[in-house]
Amino acid sequence: MPENLIDDFIARPYPLLLQGVVRHYAWGGERYIPELLGIANPKNRPFAELWMGAHPQSPAQALLPNTTVDLDKLIGVAPEKILGRDSVKRLGPALPYLFKILDARDMLSIQVHPSESQAREGFEREEAAGIPVDAPQRSYKDRYSKPEVHVALTDFWMLNGFRPAQEIAKVLQTVPEFAPLQPAFAGDDLERLYTTVMTLPQQEVDAMLNPLLDRLAGEQPTETENPDYWALKASQSFARPDGRRDRGLLSIYLLNLIRLAPGQGTFQAAGVPHAYLRGINVELMANSDNVLRAGLTPKHIDVPELLKALNFRGEHPQILEGQRLSDIETVFPTPAKEFELCRIDLLTGQNWAIDPDHQAEILIVVSGHVTAESENREMELHRGAILFAPATCALRLVAETTSRCYRARIPKRE
Ligand SMILES: [Zn+2]
């Protein structure tokens with residue numbers, strides 16, 4: 001790292017532009033993220049996620065004058081000064097959140113994130129057993145939980161949490177192929193039903209799903225409100241070379257299928273099973289990689305750890321509409337201590353100034369054009385610009401046109 005530039009920055013941290021990192025997972029869309037970033041995509045590669053954070057695997061690049069530095073390394077030089085004293089004291093010397101734009105053209109795996117105590121215990125157990133951290137059968141990549149909040153930028157389809165018991169009972173009665181599961185749900189015991197689904201011998205899974213998928217292939221369901229549509233689609237997306245069926249297809253019927261309108265979101269607490277099916281969102285999560293999978297994936301499924309992590313309460317999910325703090329700021333509060341997601345909407349000529357005692361923040365312009373002012377510096381932020389604001393630095397945005405930004409911050413201590 002070029003020492004003198006870093007020294008200048010550390011002496012008096014100022015807002016910096018970031019260059020995010022694109023993840024080209026196969027399920028990603030081909031247009032939204034390249035257009036947001038203003039880059040060409042002539043080979044139509046999938047641009048699945050844009051990471052804006054300091055995760056050591058894919059840190060954003062901090063653009064200092066005449067040079068770039070990995071954001072995690074820059075923070076490491078002076079964590080208290082860059083992140084804020086309160087953040088370091090409560091959450092450690094690394095950026096506690098990871099901010100993303102995600103574009104799902106095709107569905108992602110069904111997953112659940114462990115609680116903090118389960119993550120710590122699981123990580124230490126796997127470390128002690130000598131399982132390499134990148135081994136396919138490894139479940140815990142770090143010691144932390146991974147709560148997530150997201151807000152849709154387009155219509156967005158997802159699975160979120162188990163459906164209420166009476167809805168599940170109705171599914172088992174009305175989908176004829178699921179009749180063999182009815183005894184496992186006697187007494188509305190969701191844990192027993194789901195344990196049965198996840199431990200059923202593969203030939204019994206196939207015996208239920210093959211006739212269901214044959215029927216759906218004939219019916220060609222088109223309604224995205226109906227799990228049949230997504231089950232048929234998933235059977236094609238996750239077709240296995242050996243012709244076996246992915247038991248995650250059953251979960252599509254057991255979890256709440258929801259469609260978010262742009263501006264609506266959900267919070268994924270530890271233990272809540274979820275899957276993104278289609279759409280573009282902005283996502284903010286704790287800086288962890290602990291994912292336990294439950295299906296719609298060729299990857300390893302650790303059934304005992306999954307069952308231990310799951311919250312078996314059947315209920316409709318809470319849809320976050322955001323709380324308007326003013327005509328400019330909307331916040332999406334969650335119980336997470338690591339992050340808070342906010343939106344800033346500015347009409348031409350309007351301006352917004354950051355709270356002076358803020359901790360480290362990241363902001364992305366999703367539409368419009370703003371000028372960012374900080375003491376004697378000025379920067380033009382067009383659509384797709386990502387700004388990192390170190391703790392306590394001054395920052396004011398002036399809208400050159402009607403603009404919308406999403407902002408990740410560390411919530412104030414209660
Ligand atoms: Zn997740």
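Tabulated data for the structure shown
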{"quantity": "Some residue of the range 218-238 being touching a residue at least 40 places away in the same chain (Cβ under 8 Å), closer than 25 Å to Y276 by Cβ and of a type in the set (S, T, Y)", "calculated": "yes"}
{"quantity": "Hits in the range 306-320 - residues which are surrounded by fewer than 18 Cβ atoms within 10 Å (Cβ to Cβ) and more than 17 Å from the chain's Cα centre (by Cα)", "calculated": "L307, K308, N311, F312, R313, E315, H316"}
{"quantity": "Every residue from the range 135-162 that is in contact with a Gly (Cβ under 7 Å, 6 or more places away or on another chain) and within 21 Å of S288 (Cα to Cα)", "calculated": "S139, Y140, V149, H150, V151"}
{"quantity": "Residues that are in a strand (DSSP E or B) and hydrophobic (A, V, I, L, M, F, W, C), drawn from the range 381-390", "calculated": "L381, I386, L387, F388, A389"}
{"quantity": "Elements of type strands (runs of 3 or more DSSP E) contained in the range 256-360, each with 3 or more residues being farther than 30 Å from P13 by Cβ and within 16 Å of the ligand (Cβ to nearest atom)", "calculated": "265-268, 274-286, 292-295"}
{"quantity": "Residue that is modelled with pLDDT of 95 or more and of a type in the set (K, R), where the choices are R293, R278", "calculated": "R278"}
{"quantity": "Odd one out for D142 among (1) part of a loop (DSSP other than H, G, I, E, B); (2) crowded, with 17+ Cβ neighbours inside 10 Å; (3) within 16 Å of the ligand (Cβ to nearest atom)", "calculated": "(2)"}
{"quantity": "From the options P132, P114, residue that is surrounded by 19 or more Cβ atoms within 10 Å (Cβ to Cβ) and either touching a Gly at 6+ places or on another chain (Cβ under 8 Å) or free of Cβ contacts under 8 Å to residues at least 60 places away in the same chain (or both)", "calculated": "P114"}
{"quantity": "Residue count, the range 361-380 (criterion: part of a strand (DSSP E or B) and in contact (Cβ under 8 Å) with a residue 60 or more places away in the chain)", "calculated": "7"}
{"quantity": "Matching option when the condition is away from the ligand (no atom under 16 Å from the Cβ), in a loop (DSSP other than H, G, I, E, B) and under 31 Å from the mean Cα position of the chain (by Cα), among T154, T195", "calculated": "T154"}
{"quantity": "Residues satisfying the stated conditions in the range 93-112, i.e. among the hydrophobic types (A, V, I, L, M, F, W, C), within 15 Å of the ligand (Cβ to nearest atom) and either assigned to a loop (DSSP other than H, G, I, E, B) or over 23 Å from I386 (Cα atoms) (or both)", "calculated": "M107, L108, I110, V112"}
{"quantity": "Qualifying residues in the range 157-192 (those that are assigned to a helix (DSSP H, G or I) and under 26 Å from S117 (Cα atoms)) - the one farthest from the ligand (Cβ to nearest atom)", "calculated": "R192"}
{"quantity": "Among (1) surrounded by 12 or more Cβ atoms within 10 Å (Cβ to Cβ); (2) farther than 18 Å from I168 by Cβ - the single one Y194 does not satisfy", "calculated": "(2)"}
{"quantity": "Enumeration of residues in the range 393-404 that are in contact with a Gly (Cβ under 8 Å, 6 or more places away or on another chain) and either crowded, with 22+ Cβ neighbours inside 10 Å or not in a loop (DSSP other than H, G, I, E, B) (or both)", "calculated": "V398, A399, S403, R404"}
{"quantity": "Failed criterion for E127 (all others in (1) of a type outside the set (G, A, S); (2) away from the ligand (no atom under 13 Å from the Cβ); (3) surrounded by 24 or more Cβ atoms within 10 Å (Cβ to Cβ); (4) not in a loop (DSSP other than H, G, I, E, B) hold)", "calculated": "(3)"}
{"quantity": "Checking G218 against (1) of a type outside the set (S, T, N, Q); (2) assigned to a loop (DSSP other than H, G, I, E, B); (3) surrounded by fewer than 22 Cβ atoms within 10 Å (Cβ to Cβ); (4) away from the ligand (no atom under 16 Å from the Cβ), the condition it does not meet", "calculated": "(2)"}
{"quantity": "Neighbours by Cβ (under 7 Å, 6+ apart or cross-chain): first from the range 268-286, of a type in the set (D, E); second more than 8 Å from the ligand (Cβ to nearest atom)", "calculated": "E283/K100; E283/L102; E283/H150"}
{"quantity": "I386 in contact with a Cys (Cβ under 9 Å, 6 or more places away or on another chain), on the phi < 0 side of the Ramachandran plot and surrounded by 13 or more Cβ atoms within 10 Å (Cβ to Cβ)", "calculated": "no"}
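The values are calculated or read from the model by the stated rules, or taken from the named source; none is laboratory data. Only a predicted model underlies this, so the values are computations on that prediction, with no experimental measurement involved. Because the Cβ atoms are built from the backbone with ideal geometry, glycine has one as well, and the counts that use them run over all protein chains shown.
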